[in-house]
Amino acid sequence: MPLHIETPLIESEPLSQATGRRIWLKLEALQPPGSFKIRGIGLACEFHVRQGKRRFISSSGGNAGIAAAYAGRHLSVPVVVVVPESTTERARGLIRQQGAELVVHGATWNEANALAQSMLGDEDAFVHPFDDPLLWQGHASLIDEVASTGAKPDAVVLSVGGGGLFCGVAEGLRRNGWNDMPVITAETVGADAFARSIAANGRMTLDAITSIATSLGAKQVCEQAFLLAGQRPVHPVVVSDLAAVQACERFLDDHRILVEPACGASLALAYDKAEALQGFDNVLMVVCGGVTASVDLLRQWKANMAEPLNTLS
Ligand SMILES: *Cc1c(COP(=O)(O)O)cnc(C)c1O
């Protein structure tokens, strides 16, 4: 039995109405650890156990760390998650809740990651958040599930951080004979390493992540994501943080599911009638999920981004 569940594929009335085309949702937000990440991380962790590994080490304070902790608990393998001091109390709590050992180290992820790497012994497996072919094989299962229903979308919308989800979906499309199906990628301003790389025709590194969509906050996408973008149809779209947060709010009202702005970035394409969707009648949206947002946080972000009142004195 895999560690992920088969998620529902539903046609969304509210999103279809908003955008004037049929929108199909693959509800990865319903995975027990809250995001698609358990598909790839679950597969990778099961592989590592078969190889004789006895401990998993992760350096993600986000959904990858939570998925690794979940996988370890279900496989009875201890997990260490090293996170930087900037990781929120909420994320720390979620990692501890899954029974993982939480180590807080360094101001930034680079320092936390360096400590995680230095802890690796022969019997330990490092669980990467996005750059690992095993992960992509696991993420691809979400497309297998769509194909097995007999439905065939015209295009797929998904969010890109480090590009692991994109590589996995591309693999799923390839192995189901859908290699020519366009993928429309969503990122937020300030976490748009993929769109910039495609525009520059070279893999770009962002100086800093300035978006609130922290789950999209890889300064550089993995090499495979960039290579695939040159080999298959891909249309990158970049939305504002505000559009992503507003999409989360509307989605909560419409489908009663709370997702992170990282996921809201994709949903915003439907709610804001993105031009990139034009010409597609049946669009599959990967509702990637994410557990590090709360209703309170959505409100705070929106309040911080709101136009200042009384600009005229
Ligand atoms: C990890 C994650 C992403 C980005 O996935 P990548 O594989 O890094 O591109 C998007 N949304 C959520 C909720 C995530 O957890």
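The values are calculated or read from the model by the stated rules, or taken from the named source; none is laboratory data. Treat the numbers as computed from the prediction; the structure is a model and nothing was measured. Positions of Cβ are backbone-derived with ideal geometry, glycine not excepted, and every protein chain shown enters the neighbour counts. Accessible surface is based on the protein model in full, side chains and every heavy atom, while ligands, DNA and RNA are left aside. Shrake-Rupley method; radii C 1.70, N 1.55, O 1.52, S 1.80 Å.
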Residue list for the range 4-20, filter: open to solvent by less than 50 Å² (accessible area, probe 1.4 Å) and either closer than 12 Å to Asp281 by Cα or in a loop (DSSP other than H, G, I, E, B) (or both): His4, Thr7, Ser12, Ser16, Thr19
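State yes or no: is Leu94 within 20 Å of Cys288 (Cα to Cα) and open to solvent by 30 Å² or more (accessible area, probe 1.4 Å)?
On the way: within 20 Å of Cys288 (Cα to Cα): yes; open to solvent by 30 Å² or more (accessible area, probe 1.4 Å): yes.
For Leu94, the condition - within 20 Å of Cys288 (Cα to Cα) and open to solvent by 30 Å² or more (accessible area, probe 1.4 Å) - is met.
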task: Taking only the range 56-71 into account, find how many residues are within 12 Å of the ligand (Cβ to nearest atom) and either surrounded by fewer than 24 Cβ atoms within 10 Å (Cβ to Cβ) or of a type in the set (Ser, Thr, Tyr) (or both).
output: 1
statement: When the range 161-171 is checked residue by residue, the ones that are in a helix (DSSP H, G or I) and crowded, with 24+ Cβ neighbours inside 10 Å are Gly164, Leu165, Phe166, Cys167, Gly168, Val169, Ala170
field: Single condition Glu187 does not satisfy, out of (1) in a helix (DSSP H, G or I); (2) closer than 21 Å to Leu135 by Cβ; (3) within 16 Å of the ligand (Cβ to nearest atom)
entry: (1)
message: What's the number of the only condition in (1) crowded, with 22+ Cβ neighbours inside 10 Å; (2) closer than 18 Å to Glu145 by Cα; (3) over 18 Å from the mean Cα position of the chain (by Cα); (4) not aromatic (Phe, Trp, Tyr) that Val79 fails to meet?
response: (2)
task: Within the range 30-42, track down each residue that is surrounded by 24 or more Cβ atoms within 10 Å (Cβ to Cβ) and part of a helix (DSSP H, G or I).
output: Lys37, Ile38, Arg39, Gly40, Ile41, Gly42
- prompt: In the set Gly289, Gly279, Gly264, which member is within 16 Å of the ligand (Cβ to nearest atom) and under 22 Å from His235 (Cβ atoms)?
  reply: Gly264
